[in-house]
Structure formats: C-alpha cells, structure tokens
1. How much area per residue is accessible in region 175-299 when the probe is 1.4 Å and only protein heavy atoms are counted (Å²)?
2. Taking θ as phi - 60°, what are the ³J(HN,Hα) couplings along region 144-156 by the Karplus curve (6.51, -1.76, 1.60), each to the nearest whole Hz, with x for Gly and Pro?
3. Any idea what diffusion coefficient region 1-134 gets from Stokes-Einstein, in µm²/s, Kirkwood Rh on alpha carbon pairs, 37 °C, 0.692 mPa s?
4. How much net charge surrounds SER116 when only other residues with a Cβ under 15 Å from its Cβ are counted (Lys, Arg +1; Asp, Glu -1)?
5. Can you find, among SER50, ILE106, GLN12, the residue sitting farthest towards the positive end of the charge dipole of the chain, where Lys and Arg contribute +1 and Asp and Glu -1 at Cβ?
6. GNM on the chain, C-alpha springs below 10 Å: top fluctuator among PRO271, PRO141, PRO199?
7. Longest exposed-loop-site-free stretch of the chain, with GluC sites (Glu not before Pro), DSSP loop and at most 15 other Cβ within 10 Å?
8. Springs between alpha-carbon atoms under 10 Å, Gaussian network over the chain: tell me which of ASN241, ASN16, ASN131 tops the mean-square fluctuations.
Amino acid sequence: MAMAAEIIDGKQVAANLRQDIARKSGLLAEAGTVPGLAVVLVGEDPASTSYVTAKERACEENGIYSRDIRLDAGTSEEDLLSLIDELNADEAIHGILVQLPLPDHIDTDKVIERISPLKDVDGFHPVSLGNMMLGREAFLPCTPHGVIQLLKSIGMDPAGRHCVIVGRSNIVGKPLANLLLQKSDLGNATVTVCHSRTPDLAFHTRQADILIAAVGIAEIITADMVKEDAVVIDVGVNRVNDASRKCGYRLAGDVAFESVREKASHITPVPGGVGPMTITMLLWNTVRSAEKHHEAKNA
C-alpha cells in the first residue's frame, strides 16, 4: 500500500523565507531606506479586512513600514486614482497594494494600471505581466511565485515534468502557467491548462507529475483524478457549510484532501499551504522594490 503523502507545510516554508526578508529589511534600514508598503482597502468586505490585517502584522514582524489606508465603500473612482498618484510619488512607499475586489462603481483595470510598475508589488500591472511573460525582470504575482517556492522547498524541479493547472484566472492560472513554461530555473516544464469547461478533466489531471488546483470549486479534484505519486498543490480556499462548526462552515480546498493524500507523494493542506506564501511573496516584492529604489537613489 502506498504511503500517505508528505504534507508541504506552507507556514514553515513562509517562515524560512521571512527570516531572509527580515534580514534584508534590517540591512536596508541601516543603510537609510525602510521598506514601505501601502495597503488600500475600499469598503468592509470581511475576507479582505482579515487579509489586510494579516498583511499589516506580517509587515510589522519583518521590519517593513506598513501604511494602512481604509476608505469608505462609497469612495469615488476619481478619489481612489488620485490617492494612488500620491502614493506613486511618495518616497517612503515602495509597494502599493489595492485590495480586490473593489466596489462595482470602480473600474478595477483602471486602478491597477494607475499603480506605477515600479511599485506594483502584486505583479498585476500589464507592464509587470508583460515583462514576466517575456522573461524579463518583473515583480512576480504573489500566489504563483509562492507555489513555485513551495515546489522548490521539496526539491521538485519542474524541468521536464508535466504540470497540469486547473484554473485560468489572471491572478493564478495564467501567470503560473507562464512561469512554469519559462526557460529559467523556475520553469522548463510542459504545461497543460484546464478549466471548468474542459471536457474529461480527469483525463488530463491523471497525466500530471505536478497537479495544481486553482479553480475555486470545493474538492473538485478527487483521488481517481490523480496519478500515483504526483505532487498536488491546492490553491483553492472555499467555504463549505458545516453544521458541526461553531461558525457554520469549514474551509476546504479544490482537492479532496484525505483521499488524494493516499495517492500523492506530496500535498499542500488548506489552510496552511499556499495561503501563507502569498503574503510572504508580497513582502519579498516590497523589499526587492525598496532595494531597487535604494540602489537608484545612491547610484
């Protein structure tokens, strides 16, 4: 009988990376540049609010100055854009993050495009994504970069492997496919991208050496869809009704964890897998931005 998969502990991998981030922050601060991140939250979406609070705490713990800007849900698009202009010009801020989703009356694309690519630590600006796709230096989107760091942490080199990604979002699926394809030490994989409309999804997922689920459908990936000894990365975070819980729900990934664990060689849990990596890579990008700013200032 196959052994149960080894759990990839995202909290531990994130903690190891954060030691390095804190060290670099300290060196920059000694040299006169404290890395600064501005987080803008419009409205009071509960998931966004708790995420923003976690980001602030992470900044504090790693020597990064955090400026928390909370705006009323009725804030106009014009006011938000002029705030971004101010932050773009602010020497103390090296990274700008506008928490999504935004209220319906604000054009998300306009807001993302207004952030200077030099401060786009989320990696969502078309210039950042274009540079990433061309293999040039860019801030990498945080969740895809976090997934690749998790693969690195278990010594899984994607080169020559077949990676199947289920999900095609602009935030995870598309950039991750691109990173894994790159001619670089992060990539060189053969990549198949599937999604909710792919016929016979299981046919594709069973071929994966590395299976990444990022489609946002609770437990869509079941054990019969996974090849023996595959590495399974679960990006999904879904609320599933659970009357036995005080809050009335539990968090589940896109992977049926217990059964898939019996087949995979490595698997990420939800929570505690990819989640801690997303904030960590945001801090990573902020410190990198501060380093570049410091180098340019002292050139």
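The values are calculated or read from the model by the stated rules, or taken from the named source; none is laboratory data. On a predicted model such as this, the values are computed, not experimentally measured, just so you know. With ideal geometry, Cβ positions are generated from the backbone for all residues, glycine too; neighbour counts draw on all protein chains shown. Just the protein is used for accessible areas: all its heavy atoms, side chains included, with ligands, DNA and RNA removed. Shrake-Rupley method; radii C 1.70, N 1.55, O 1.52, S 1.80 Å.
1. So region 175-299 comes to 46 Å² accessible per residue, rounded to a whole number.
2. So the Karplus estimates, Gly and Pro as x, are x, 5, x, 4, 5, 5, 5, 4, 4, 5, 9, x, 8 Hz.
3. 198
4. Net of charged neighbours comes to -2.
5. Checked the options; the winner is GLN12.
6. Looking only at PRO271, PRO141, PRO199, the largest GNM fluctuation is found for PRO199.
7. The answer is 138-227.
8. Taking springs between Cα atoms under 10 Å, the residue moving most is ASN241.
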